[in-house]
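I have placed the structure first, in the form of structure tokens, so that the comments after it can refer back to it.
Computed from the coordinates by the stated procedures, all read-outs in this text should not be read as laboratory data. Everything numeric here is computed off the predicted structure, so don't read it as measured data. Cβ sites come from the backbone with ideal geometry, for glycine too, and all protein chains shown count toward neighbours.
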């Protein structure tokens, strides 16, 4: 069965996932890149370093974001978010965004890029010392799709 995700399932998926993909477009080039993120019901928050995606989002703040949960190729959920890139350079927004990111429940084995400080898994006492680009996506639209298999799969041993 294939269908649209109900709003509650869209919210749950955004709350539970840690990695998504940003699609940005500037000067005739489209770029899709994975990011780690936090979601608070209104915004998607992220932290990164200077580079191509930040340059592109500064030039064209209209972006697309996608995350999913794939059990297998016939059982999955996917959410697509449209929104606006907002770089957070001023307080208190920057610190609040970093707090959301440090409060995420991360798996013990995780990417170095998900660790905001060298003290991970312990938060830095002064969160304002975290360097890099902090941004959020102001969400304008959310959609979701799913596929759920009704077949039972049996494997020979």
Residue span residue 99 to residue 1: 0.36 nm per residue of separation minus Cα-Cα distance leaves a gain in nm of 31.4 nm
Site residue 49, offset 7 angstrom along Cα→Cβ, radius 20 Å on amide nitrogen, limited to region 128-147, gives 128-136
Subtracting the Cα-Cα distance of residue 69 and residue 90 from 0.36 nm times their residue separation yields 4.2 nm
So for R0 = 25 Å, FRET eff. of residue 150-residue 42 from the Cβ-Cβ r, to 0.05, ends up at 0.10
